[in-house]
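Data block below; observations after.
The values are calculated or read from the model by the stated rules, or taken from the named source; none is laboratory data. Computed from a predicted model, the values in this text were never measured in an experiment. Cβ atoms come from the backbone with ideal geometry, glycine included; neighbour counts cover every protein chain shown. The area values use the complete protein model at the heavy-atom level, side chains included, leaving out ligands, DNA and RNA. Shrake-Rupley method; radii C 1.70, N 1.55, O 1.52, S 1.80 Å.
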Amino acid sequence: QVQLVESGGGLVQPGGSLRLSCAASGSISIITAMNWYRQAPGKQRELVAGSISGGTTNYADSVKGRFTISRDNAKNTVYLQMNSLKPEDTAVYYCNVRLPGYIYWGQGTQVTVSS
């Protein structure tokens, strides 16, 4: 079993920054990918940023140039640095970790961008 603990959400003004963290612990063998998803009210959950083991990263078009995903493999932790935040970035953000044959989700952390 793998546990994911997220932190870093909150309320921020438009143009501000936040950094989300997600630490994985438990029976971790090989992590194949660590991702961030988000879900806004009334919308489907969407992939925001992904990091495949080996170094490849990918981003939703809506966050390119503003968000950066990074990992500390020694700590099994993934981060999402969010800059130039917009009201449309308001959502619950979920960490997603993939191991061979398994997918785990964090509990979600609320990000609200509002003046």
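From the list Val63, Val48, Val78, the one residue that fits, being in a loop (DSSP other than H, G, I, E, B), at pLDDT 95 or above and crowded, with 17+ Cβ neighbours inside 10 Å, is Val63.
Name every residue in the range 94-113 that is in contact (Cβ under 8 Å) with a residue 60 or more places away in the chain and assigned to a loop (DSSP other than H, G, I, E, B), in order of residue number.
Within the range 94-113, Pro100, Gly106, Gln107, Gly108 qualify.
Gly54 meets each of the listed conditions (1) open to solvent by 60 Å² or more (accessible area, probe 1.4 Å); (2) among the small types (Gly, Ala, Ser); (3) under 18 Å from Ser7 (Cβ atoms) apart from (3).
From the list Ala91, Ala49, the lone residue that is free of Cβ contacts under 8 Å to residues at least 40 places away in the same chain and either touching a strand residue (DSSP E or B) at 6+ places or on another chain (Cβ under 6 Å) or farther than 15 Å from Cys22 by Cβ (or both) is Ala49.
Here is a check on your reading of the model: is Gly54 at pLDDT below 95 and either acidic (Asp, Glu) or out of contact with any strand residue (DSSP E or B) (no Cβ under 6 Å at 6 or more places or on another chain) (or both)?
Working: at pLDDT below 95: yes; either acidic (Asp, Glu) or out of contact with any strand residue (DSSP E or B) (no Cβ under 6 Å at 6 or more places or on another chain) (or both): yes.
Yes, satisfied.
Of all the criteria given as (1) more than 19 Å from Thr112 (Cα to Cα); (2) open to solvent by 30 Å² or more (accessible area, probe 1.4 Å); (3) touching a helix residue (DSSP H, G or I) at 6+ places or on another chain (Cβ under 9 Å), the one not satisfied by Ile31 is (2).
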